[in-house]
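Readers should treat all values here as calculations from the given coordinates under stated rules, not as data from a laboratory. Bear in mind that the values here come from a model prediction, so they are computed numbers and not experimental data. Positions of Cβ are backbone-derived with ideal geometry, glycine not excepted, and every protein chain shown enters the neighbour counts.
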Amino acid sequence: MRHRYAAAALALAATAATVAFLYAGDPPADARGARPAASVPSAAPAAATVAAPTAADLDFARGMAAHHEQAVLMSRSLLAKPGTPERIRAIADFIAHDSSARSPR
């Protein structure tokens, strides 16, 4: 399970590094928020390096995994409870199925 947390943290770090790389050196926007056409970011080179995930990245990934597990458990509990309003059941069903796909377990 530890490797899944590390993989999630690495993906988060890679995304952050890619965004930072693509927007590095962009000139500031004018008063209307427009940027010169030359500042539109292009695709990152294939050999872009990514920093190793930090302790904060790993903590975030662990916290999100726990968050999704709790959401699935609470949703399943609501689905099993008689008398739960239909709208609440629909939301709980969506969360249970959506979040269970993301859960590292």
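If each residue of separation counts as 0.36 nm, what is the full-extension length gain between Ala56 and Leu79 once their alpha-carbon separation is subtracted? Could you put the intermediate results ahead of the total?
On the way: separation 23, 0.36 × 23 = 8.28 nm, distance 3.44 nm.
Stretched fully, the Ala56-Leu79 segment lengthens by 4.8 nm.
Take peptides 55-64, 86-95 and line them up by average Cβ neighbours within 10 Å, highest first, as a rough protection proxy. Let's see the in-between values first.
Numbers: 55-64: 15.1, 86-95: 12.9.
The packing order, highest mean first, is 55-64, 86-95.
For the range 49-64, just list the computed ³J(HN,Hα) in residue order, Karplus coefficients 6.51, -1.76 and 1.60, θ = phi - 60°, integers in Hz, with x standing in for Gly and Pro.
Along the range 49-64, the couplings run 8, 10, 5, 5, x, 8, 4, 5, 4, 5, 4, 4, 4, 5, x, 5 Hz.
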